[in-house]
Amino acid sequence: MEFENIIYEVADRCATITLNRPEQLNALSPAMVEELRQAYAAAEADDAVWTILVTGNGRAFCAGADVSEIPDDGRVIYEEAYLSTLAQWEAPQEGTPPFRTMTKPVVTAVNGLCCGAGLDWVTTGDITIASDKAQFFDPHVSIGLVSGREVVRLARVLPMGIAMRMALTGRHERMDAQRAYDLGLVSEVVEHDKLLDRAREVVALVNRNAPLAVRGTRLAIRKGRDLPLHEAEILAEAFRERVIPTNDAKEGPLAFMEKREPNWSAS
């Protein structure tokens, strides 16, 4: 697939989406947002893709929304008639992967500056690793805007006091990669020049497992977070039962008994 604002590549059962507006610090324009939606949909629908990897080109991962393209009234522009689609009633998602409805896991490789809407990949992705040059902050209050879904999501990932500090100090204080790791915002910090190689290694580790089992496990965790524990357990068991009749559920124990690598078919 050919795009102007992102690069989309599929190899080794991985769809790599690279944010590619380096001169604008990969800030999200309406055109870029639309391309991302198409890329997510393509990856989710492609049987050759088991995992999605998102990273950025240049010194920034994503600097949030492109303020030069925000209308004077601050509204998000839609091509459809006003309030005619569900997306217009929802909180604006901008570059966020459709994590509530997609099945395939998202690995995020933060290569540099990550702020504002760029934080959405960190808080909604499934595995996030960061370059040692990565920095995180939320600039909304520094440009006169309320921090909306971004900081609400941060407060579900970080301790309340830390999320509040990031939200209220705005662009005047940045969190480095090591601090983000210590607080659990990212799962690993690697040398900058090794980031993409390590991200692909992580993707390969995920893809060594049964893809339907990976998706069911991801859904059990994601959808169970907002439920009481017992209901979340029941939901997770329902996902387990759906996978039991599959070929991969039979192949896994057989390969273990035969002491060989399993041959997953995603069926």
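Here are the numbers for the structure shown:
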item	result
Degrees between helix 229-243 axis and first principal axis of the chain (Cα, 0 to 90, nearest 10)	50
Assigned charges on the beta-carbon of Lys, Arg, Asp, Glu; the stretch 6-207 dipole about Cα centre (debye)	580
Taking the C-alpha atoms of the chain, convex hull volume expressed per residue in Å³	151
Using θ = phi - 60° and Karplus 6.51 cos²θ - 1.76 cosθ + 1.60, couplings along the stretch 211-228 (whole Hz; Gly, Pro as x)	x, 5, 5, 4, 5, x, 5, 4, 5, 4, 5, 4, 6, x, 4, 9, 10, x
Most positive-pole-ward Cα, Val54, Pro98, Met166, against dipole of the chain from beta carbon charges	Met166
Contour minus Cα-Cα distance for Leu235 and Ala249 (0.36 nm per residue)	3.2 nm
Cα-based Lys proximity count in the chain, under 27 Å, for pairs eight or more positions apart or on separate chains	6
Nitroxide proxy distance, nm - points 7 Å out along Cα→Cβ at Asp12 and Lys259	2.8
Formal net charge of residues neighbouring Tyr181 (Cβ-Cβ distance under 15 Å; K, R +1; D, E -1)	-1
Interchain or long-range residues, amide H under 5 Å from Ala60's placed H	Leu113
With eigenvalues of the C-alpha gyration tensor scaled by 5 and rooted, the stretch 211-257, Å	24, 9, 8
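No lab work stands behind these numbers, since they all come straight from the coordinates. Every value quoted in this text rests on a predicted model; they were computed, and no experiment measured them. As a convention, Cβ positions derive from the backbone with ideal geometry for all residues, glycine included, and neighbour counts pool all protein chains shown.
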